[in-house]
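Asker: Please find one structure pasted underneath; my questions will follow.
The values are calculated or read from the model by the stated rules, or taken from the named source; none is laboratory data. Note that the structure is predicted; figures quoted are calculated from it, not measured. As a convention, Cβ positions derive from the backbone with ideal geometry for all residues, glycine included, and neighbour counts pool all protein chains shown. What goes into the accessible areas is simple: the full protein's heavy atoms, side chains included, and nothing from ligands, DNA or RNA. Shrake-Rupley method; radii C 1.70, N 1.55, O 1.52, S 1.80 Å.
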Amino acid sequence: MGTELTPDSELMWALERAVALNLQDYVAAFRRVVPEVDAACIKVAHGVAAFTGLDSPLTTVKGTGAQISTRDLEEIESFFRDHHAPSVTIESAPWLNEESKALLVDRGYGVAGQENV
């Protein structure tokens, strides 16, 4: 592709859209296969928040891009509260901006791990 991967690059946004769409498609498939789990997702912060069960690794947020606002975070937290999730997992790429990182830290979020593939 040759495009530089920066927080505002076209490639970054393409990757984030693909990750969010993948999660959204997963939730739709999961709902068909396991209808007894009240799987759901919403579009938020340019990405997707998904609930696929309390113990599911895909009860998460993906595809937010470089910024998460206070309003986005409130919407995310409300979505997970509505599904009785005891915690919120937000998977963010390394280009999350400093303002968003500070917001998450101020709200009690912490880094749980890092994935390089």
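Asker: Identify, by number, the condition in (1) in contact with an Asp or Glu (Cβ under 7 Å, 6 or more places away or on another chain); (2) within 19 Å of Gly110 (Cα to Cα) that Val44 doesn't meet.
Answerer: Of (1) in contact with an Asp or Glu (Cβ under 7 Å, 6 or more places away or on another chain); (2) within 19 Å of Gly110 (Cα to Cα), only one is false for Val44: (2).
Asker: Within region 71-117, count every residue that is more than 23 Å from Asp55 (Cβ to Cβ), charged (D, E, K, R) and free of Cβ contacts under 8 Å to residues at least 24 places away in the same chain.
Answerer: Of the residues in that region, 5 qualify.
Asker: Where residues in region 54-95 are in contact with a helix residue (DSSP H, G or I) (Cβ under 9 Å, 6 or more places away or on another chain) and over 24 Å from Tyr26 (Cα atoms), which of them is surrounded by the fewest Cβ atoms within 10 Å (Cβ to Cβ)?
Answerer: Applying the filter and picking the extreme gives Thr70.
Asker: Now for a separate question. Please verify whether region 6-14 includes one or more residues that are modelled with pLDDT under 95 and in contact with a Gly (Cβ under 6 Å, 6 or more places away or on another chain).
Answerer: no
Asker: Consider Val27 carefully, then state whether it is over 21 Å from Leu103 (Cα atoms), open to solvent by 90 Å² or more (accessible area, probe 1.4 Å) and either free of Cβ contacts under 8 Å to residues at least 12 places away in the same chain or in contact with a strand residue (DSSP E or B) (Cβ under 9 Å, 6 or more places away or on another chain) (or both).
Answerer: no
Asker: Which of the numbered conditions does Val33 fail, given that it passes all the others? Conditions: (1) β-branched (Val, Ile, Thr); (2) farther than 24 Å from Trp13 by Cβ; (3) open to solvent by less than 100 Å² (accessible area, probe 1.4 Å).
Answerer: All conditions pass for Val33, except number (3).
Asker: Give region 36-75 a look and list any residue that's of a type in the set (Val, Ile, Thr) and within 25 Å of Glu10 (Cα to Cα), or say none.
Answerer: Correct list: Ile42, Val44, Val48, Thr60, Val61, Thr64, Ile68, Thr70.
Asker: Quick one: which strands (runs of 3 or more DSSP E) sit completely within region 37-98 and have at least 2 residues that are touching a strand residue (DSSP E or B) at 6+ places or on another chain (Cβ under 8 Å) and of a type in the set (Val, Ile, Thr)?
Answerer: Of the strands (runs of 3 or more DSSP E) lying wholly inside region 37-98, those with at least 2 residues that are touching a strand residue (DSSP E or B) at 6+ places or on another chain (Cβ under 8 Å) and of a type in the set (Val, Ile, Thr) span 40-44, 60-62.
Asker: Kindly check whether there is at least one residue in region 10-18 that is open to solvent by less than 30 Å² (accessible area, probe 1.4 Å) and in a loop (DSSP other than H, G, I, E, B).
Answerer: The answer is no; no qualifying residue exists.
Asker: Is it true that some residue in region 99-116 is crowded, with 16+ Cβ neighbours inside 10 Å and under 15 Å from Leu23 (Cβ atoms)?
Answerer: no
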